[in-house]
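To start, the structure under review is shown below, and the notes come after it.
No value in this document is a laboratory result; all are computed from the given coordinates. Given the structure is predicted, the values throughout are model-derived calculations rather than measurements. Glycine gets a Cβ as well: all are built from the backbone with ideal geometry, and neighbour counts include every protein chain shown.
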Amino acid sequence: MKIIEKVLLLGSGALKIGEAGEFDYSGSQALKALKEEGITTVLINPNIATVQTSEGVADKIYFLPVTPFFVEKVIEKERPDGILLSFGGQTALNCGVELYRSGIFEKYNVKVLGTPVQSIIDTEDRELFVHKLDEIGVKTIKSIAVESIEDAHSAAEELGFPVIVRAAYALGGLGSGFCNDRDELQALAEKAFSYSNQLLIEKSLKGWKEIEYEVVRDRYDNCITVCNMENFDPLGIHTGESIVVAPSQTLTNQEYHKLRELAIRIIRHIGVVGECNVQYAFDTVSEDYRVIEVNARLSRSSALASKATGYPLAFVAAKLALDYGLNELKNSVTKSTTAFFEPALDYIVCKIPRWDLGKFHGVSHEIGSSMKSVGEVMSIGRSFEEVIQKGLRMIAQGMHGFVANKELEVANIDRALSEPTDKRIFVIAQALAKGYTIERIHDLTKIDLWFLQKLQNIYLCSGEIEKYNTIEELPENLLKKAKQKGFSDYQITKLIFKNSDKASEEKLNLRKHRKSLGILPVVKQIDTLAAEYPAQTNYLYLTYNGSANDVNYLGDKRSVIVLGSGAYRIGSSVEFDWCSVNALNTIREKGWRGVMINYNPETVSTDYDMCDRLYFDELTQERVMDIVELENPYGLILSTGGQIPNNLALTLDKAGVPILGTSAADIDNAEDRHKFSSMLDRLGIDQPRWKELSSLKDIDRFVEEVGFPVLVRPSYVLSGAAMNVCSNPVELEQFLKLATNVSQKHPVVVSEFIENAKEIEIDAVANKGEIVTYAISEHIEFAGVHSGDATIQFPPQRLYVETVRRIKRITRAIAESLQITGPFNIQFLAKDNDIKVIECNLRASRSFPFVSKVLKRNFIEIATRVMLGDEVEKPNKSEFDLDYVGIKASQFSFSRLQKADPVLGVDMASTGEVGCLGDDYYEAVLKSMLSVGMRIPKKNVLISSGTIRSKLDLLTASRLLHEKGYTIYASSGSHKFLSENNVPSILVYQPSEDLKPNALELIREKQIDLVVNIPKNLTPGELTNGYKIRRAAIDFNIPLFTNSRLASAFIHAFCEMDLQNIPIKSWDEYK
Amino acid sequence: MDKKLTLVLENGVNFDGFSFGYEKPVAGEVVFNTAMVGYPESLTDPSYAGQILAVTYPLVGNYGVPEDKIVDGLSEFYESEKIQVTGLIISEYSHQYSHWNATKSLGEWLKEHQIPGIYGIDTRELTKLIREKGSLKGKIVFNSPDEIDFSDPSKENQVAKVSCEEVLRYGNGSKTVVLVDCGVKHNILRCLLRYDVNIVRVPWNYDFNTLEYDGLFISNGPGDPEHCEITVRNIRKAMETGKPICGICMGNQLLAKAGGASTYKLKYGHRGHNQPVQENPAYGETGAKCFITSQNHGYAVDIKTLGEDWEELFINMNDGTNEGIRHKTKPFFSAQFHPEAASGPTDTRFLFDKFIESIEKHETSTQKK
């Protein structure tokens, strides 16, 4: 047998909808498992913000695209003995299958470890899959392809109504739908045949339960199921869009074990070695079932199952890939019992997806069979009421639980229940309030009555509380019951004080009162064996459904609490997990006990190996205080987890919590627009003119003064939620209606918008107001593209020395004035050498991992040491000494978001990022663009270049394209401009014109390899020709650029560089 | 609000909770089970006789209880004719339930069978107590702790209480299996009846050596195997015939005793659906195979005391205790766990195949003679 000494692991690349942080966790665990065996590890993953791409996790790290081309190059160079394909999501799997098919593994004698590629193919190819399961008599969902209405009818008869009709080869579900009888089928089929020549008829299982099992098998054929999960939302809603509980709640023993037995039969037949996920549809009135799909790789569900049970699936799967048997591995929680066992839970977990649909223009809020959510939370407790309410708070979108929320405006409750949106659970609350019976809600939603009974319990409990008007009146047993049903103190005071302002003031009084009655949460361990064996586990949660703590508290003030980032969402994702993990590492290295509070199952920071104690719980003032009072820590760090912990600064400080680093008052001085602005004035630092205004009249007056365009936003929000640029009075008026809805407490802020300005950022660490280290980076795009969407170059390539000098000077002044101790980030606008400050955050920013890794100086380590009181010497290496360039580029998930306009604006829309290194600027640009899914065009490029400014931006690039032999198709304006400048192009007509060649047609016929479409207007959203072209590019999977400066950089890069000669260098080779 | 009541433990610790079952004080041995599903099966498992069961999974009652239906002498959905536990302790009770196959709530069922149930208990804390101190005597009381005295079920012959009183017959297959009922779970009968057999179910102390049969099956059952000396003697006699013998749980302990071994009480037993066992690695027929098993026992076989003609068949992977034995030359084997499952994982159902195969093999070999 081949001895495995060096293993290549494929990562999943940038975070995108459907493929997010869970793969950082899986990959990190796998690398840890390999390392333990003394195996040399090589990792390919361009996602620079991940933990797995940190120093010491893998031996060699390549920030390169996970594509067959680059992976082969790395294999050629590194010559690994084995490769792991199942830890990097669909991206790694697809890439691996392609490499296998093209014989690359054979060519270089690389052994695929774990599940054989053929098994993967058997699960990925629908036809092979159905056939494979037929062999062992396991039922799958079958579809019958028909080409006439007659055949459609006979297919439906065969399958039995209701059926789903899908038009084959039609995008976006065009022509698809449900039919309950012959007549409905007739009508739908007639329509559907107008889109497609072929229809797929499938038995509809809408309303069936959706159940998942995580199964593990070793090469000796020993199998276990680690966890099963039940979807709260019945079939029809993607499991990534569903609320999910573990373990299943409504299955009997017979049902549970029937599906378990099938799962084991399936994994054996397919031949998986490692981990695999089996999804079932399960009838609600019999034990009938269908297998929906099998994922022969680590998945989002397996990450969730790992966190839900404490069983490290990825770690174990990696060991099994190295030919271990399950019996040879230990349970990593108890450390004494075997890894061959099935966790027994003595709690319930609930996963809730987090959507950010409000960030996209034109996207539908309905949820269904495709995934749109960008993150998730997991809550742990000992009753369903407790976990659902905890979870709904964790989502952090302004909801306080299931009840006592701001009332939604629902025009038609029946419809909102039967056609679910991202707000469905709150529609259920409203339906209950309007007197709907749970039976009626069940009829409309098909959600199992058991879940609805529990939700009703919460609703009824809220009604009981509402009968009282003061805290003292509230009976003790009712208060206790409410806490056991997951009510927060604030929820209770909101009910008692009928939503008045008093509710907020009184929540601390309620806390005091509650404590005096001895109604306190208890801390419980997750130990995988339901307390059957003693376990020294540090994996903890809090619950009111219990009477004793599982852990003892030393009270020696040697622990430091780090607040994590919460759910991944647009604007805050894996980068803050990296920051949290590094803060924990530093704390522990310095001899303190590191304590983590976070509730995101897709993270490494919630791996109980990463800290001395993990509280998998809420990041609310109430819960953090509960933990602080138990832990009695030396201090608490809230500047490494993004905006959620940062927002807790003032309240925690007021409660006497020792916050490490910059003081809460100074954090507020930076967060509060007025205070910050007057400070800048005092320091003589320039900023764009702005005003906080609450009436239209005042706004008009201000706009008259500064002129259009203006930037309009509510204050104190993350990543520009509900922020917009308005170019004229009509837009302004329209937008204001929207923005004021967002937050009534905060008035609207209007600022002047400076066009064609450079955006520059500084990431830095200061100690008592003095800068210890810093990194200045520059956006490729001009200001107007949200910094989270912009492409960032570091070190900056095109800045005047004077600009840099001024930025440093301003930064020094701000750091000094705010007495910053710890991480911070400032954003600037620069036009010529005129510098204006636009934002300042006294916390780690999104780009901390990027600059840390490019500069090879860990900013979080330095920041943490500073916050712990260490004196840190200033490093002498300057970013301007680097002989290479880093480019951080954004990943968009527009293809998942039907109808969304894929255009960039001041509101962030990207779901992830990559960071690539190059010996020069264009090399790094090229690698980073290929990493976010762009492809070098083969022949034809479609250009519509927008305003005259962007036309100029693109002129040289267009000329290069022509010189390189590309054919340019250009819209009329662009065509005219190019012709005037002697660049040949073919004129194409707009979608609205009935003339050929038509832009839309060319895209649909896949004749175009690259689309450059620059919007003329700063306001997206209108259904213009531009929108149609952009959307078509996304729907037909053609690379699209909507920013002229970025498009130009990319075109330059691929025209001036030959991909074949691109240097393949690992991180450590950039010196 | 449900009625308040208290769980009183012999070590002086009390847990207050609420009643959801029959309102009658009871006393017994408090044990815990870590299974996450299967309360109707567990509660009707005769091996729980004399015990107050604490369920570590906090949410119980979710899917109600199926109909109590007896078909051909077998319960359709239960493991015996009645609820066998003395009392039930849980954390969170689902007052309402939802399942197509349910006809009543768990609370209603408990009331019907006059079994008390207590919810609102920190069952994890209780489990930790039992884990540290070993199984505890306890009682569920409604008004005062003195309503009822503690009782020790292991002092009594629990098997005699749950075993059938007369010979019962099932099925009409060609092979005859004598099943010694020490408190048999109906699923053992259901599993056997899938084969071409007829079953003669006999009381625990019945001398089945007077009967004509092809194979002997010794069932599971509650309490201390010490009380079943009669059964052990009968098994020893049966062993002389060389006919196949198979045992489950109590059956494993009695077969081991017949093979010369002694048994002992485990600190807190094995009760759950996730117990890992490994086939004796020295026993190379199928290699080092591992299985997840369903278990419910408080006593174990001391493998060191087993006769020389015997060997260990299965071992518990967590604590190394015995999980099964087999005779080195004769078709006698048994498992400490529950291959019939119900409730629990079904991975070791193949042991029934082995038993039936051994009957067939034995027959052919005797015919040849």
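Among B:Thr348, B:Thr34, B:Thr210, which one moves the most in a GNM of chain B with springs linking Cα atoms closer than 10 Å?
Most flexible of the set in this elastic network: B:Thr210.
List the residues whose amide H sits under 5 Å from the amide H of B:Thr293, counting only those 5 or more places along or on another chain, with H placed 1.01 Å from N in the peptide plane.
Under 5 Å from the amide H of B:Thr293 lie the amide H atoms of B:Gln275, B:Val277, each far enough along the sequence or on another chain.
With an 8 Å cut-off on Cα pairs and a minimum separation of 6 or more residues, tell me the relative contact order of segment A:776-904 in percent.
The value is 27 percent.
Hand me the chymotrypsin sites (Phe, Trp or Tyr not before Pro) from segment B:121-193 located in a DSSP loop with no more than 16 other Cβ atoms within 10 Å, in residue order please. Can you show the working numbers first?
Details: sites: B:Phe142, B:Phe150, B:Tyr170; in loops: B:Phe142, B:Phe150.
Those that pass, being in a loop and sparsely packed, are B:Phe142, B:Phe150.
For peptide A:526-536, how many partner chain Cβ atoms fall within 10 Å of a residue's Cβ, on average?
Values: counts 0, 1, 1, 6, 14, 12, 16, 3, 3, 0, 0.
Counting Cβ atoms of other protein chains within 10 Å of each residue's Cβ and averaging gives 5.
Between B:Gly38 and residues 5 or more places away or on another chain, which pairs have amide H atoms under 5 Å apart, with H built 1.01 Å from N, and which residues are they?
When sequence neighbours closer than 5 places are left aside, the close amide H contacts are A:Asn253.
Looking at the square roots a ≥ b ≥ c of the eigenvalues of the Cα gyration tensor of segment A:336-468, which shape do they give, rounded for a/c under 1.5, prolate if a/b is larger than b/c, or oblate?
Details: a/c = 1.74, a/b = 1.25, b/c = 1.39.
It is oblate, given that a/c is not under 1.5 and a/b is not larger than b/c.
Other chains near A:905-917: what is the mean number of their Cβ atoms within 10 Å of each residue's Cβ?
0
Can you work out the Karplus-derived ³J(HN,Hα) for every residue in segment A:583-589? Use 6.51 cos²θ - 1.76 cosθ + 1.60 with θ = phi - 60°, whole Hz, and x for glycine or proline.
Residue by residue, segment A:583-589 yields 4, 4, 4, 5, 4, 6, 4 Hz.
Between segment B:1-60 and segment A:330-362, what is the separation of their alpha carbon centroids in Å?
Each part reduced to its Cα centre gives a spacing of 29 Å.
May I ask for the equivalent-ellipsoid semi-axes of segment A:446-580, computed as the square root of five times each C-alpha gyration tensor eigenvalue and listed largest first in whole Å? Kindly include the intermediate steps, with their values, before the conclusion.
Values: eigenvalues 176, 85, 81 Å².
The equivalent ellipsoid of segment A:446-580 has semi-axes of 30, 21, 20 Å.
What is the distance in Å between the Cα centres of segment B:226-268 and segment B:63-101?
Segment B:226-268 and segment B:63-101 have Cα centres spaced 31 Å from each other.
Using DSSP loop states and a limit of at most 16 other Cβ atoms within 10 Å to flag GluC sites (Glu not before Pro), what is the longest stretch of chain A containing no flagged site? Walk me through the numbers before you get to the answer.
Numbers: sites that count: A:Glu5, A:Glu37, A:Glu147, A:Glu287, A:Glu407, A:Glu409, A:Glu472, A:Glu473, A:Glu755, A:Glu871, A:Glu873, A:Glu993, A:Glu1005, A:Glu1022.
Result for the longest clean stretch: A:474-754.
Rounded, prolate or oblate, given the Cα gyration tensor of chain A, with a/c below 1.5 counting as rounded? Display every interim value, and only then the final one.
Numbers: a/c = 1.23, a/b = 1.05, b/c = 1.17.
It comes out rounded by the Cα gyration axes.
Name the long-range amide H neighbours of A:Leu529: under 5 Å, sequence gap of 5 or more, or other chain; modelled H, no Pro or chain starts.
A:Ala344
Which aspartates and glutamates have a Cα lying under 13 Å from the Cα of A:Lys1071, excluding residues fewer than 8 positions away in the same chain?
Answer for A:Lys1071, where 13 Å is the Cα cut-off: A:Glu879, A:Asp881, A:Asp883, A:Asp919, listed by chain and number.
Would you compute, from DSSP H runs of 4+ residues alone, the mean residue ellipticity of chain A at 222 nm, taking -39500 (n - 2.57) per run and dividing by the full residue count, rounded to the nearest 500?
Working: 36 runs with 386 residues, N = 1071.
Result for chain A, helices only: -11000 deg cm²/dmol.
Treat each spin label as a single point 7 Å out from the Cα along the C-beta direction, and report the A:Arg415 to A:Arg588 distance in nm.
About 5.3 nm separates the two model spin labels.
Could you run the Karplus curve 6.51 cos²θ - 1.76 cosθ + 1.60 with θ = phi - 60° over segment A:123-137 and give me ³J(HN,Hα) per residue in whole Hz, x for Gly and Pro?
With the stated coefficients, segment A:123-137 comes to 8, 8, 7, 3, 5, 4, 5, 4, 4, 4, 6, 4, 4, 10, x Hz.
In sequence order, what are the phi-derived ³J(HN,Hα) couplings for segment A:594-606 according to the Karplus relation 6.51 cos²θ - 1.76 cosθ + 1.60 with θ = phi - 60°, rounded to whole Hz, with x for glycine and proline?
Result, rounded to whole Hz: x, 10, 10, 10, 6, 9, 9, x, 8, 10, 7, 5, 9.
Over all residues in B:84-95, what is the mean tally of Cβ atoms on other chains that come within 10 Å of each residue's Cβ? Numbers along the way, then the final one.
Numbers: counts 0, 0, 0, 0, 0, 0, 0, 7, 9, 1, 7, 2.
Counting other chains' Cβ atoms within 10 Å and averaging over B:84-95 gives 2.
Cα centroids of segment A:93-126 and segment A:467-538: how far apart, whole angstrom?
Result: 52 Å between the Cα centres.
Give the cross-link partners of A:Lys697 among the lysines, using a straight C-alpha distance below 24 Å as the criterion and excluding same-chain residues fewer than 8 apart.
List returned: A:Lys737, A:Lys745.
Among the listed pairs A:Lys35/A:Lys111; B:Lys257/B:Lys304; A:Lys485/B:Lys133; B:Lys328/B:Lys361; A:Lys6/A:Lys73, which have their C-alpha atoms separated by more than 20 angstrom in this model? Mind showing how you got there, number by number?
Working: A:Lys35/A:Lys111 18 Å; B:Lys257/B:Lys304 12 Å; A:Lys485/B:Lys133 32 Å; B:Lys328/B:Lys361 16 Å; A:Lys6/A:Lys73 16 Å.
From A:Lys35/A:Lys111; B:Lys257/B:Lys304; A:Lys485/B:Lys133; B:Lys328/B:Lys361; A:Lys6/A:Lys73, over 20 Å: A:Lys485/B:Lys133.
Can you give me the relative contact order of chain A as a percent, contacts being Cα pairs under 8 Å and 6 or more apart? Numbers along the way, then the final one.
Details: 2349 pairs, mean separation 103.7, N = 1071.
That works out to 10 percent.
Using the Cα gyration tensor of segment B:178-269, with a ≥ b ≥ c the square roots of its eigenvalues, what is the shape: rounded (a/c below 1.5), prolate (a/b larger than b/c) or oblate (neither)? Walk me through the intermediate numbers first.
Working: a/c = 1.95, a/b = 1.29, b/c = 1.51.
Judged from the Cα gyration tensor, segment B:178-269 comes out oblate (a/c at least 1.5, b/c at or above a/b).
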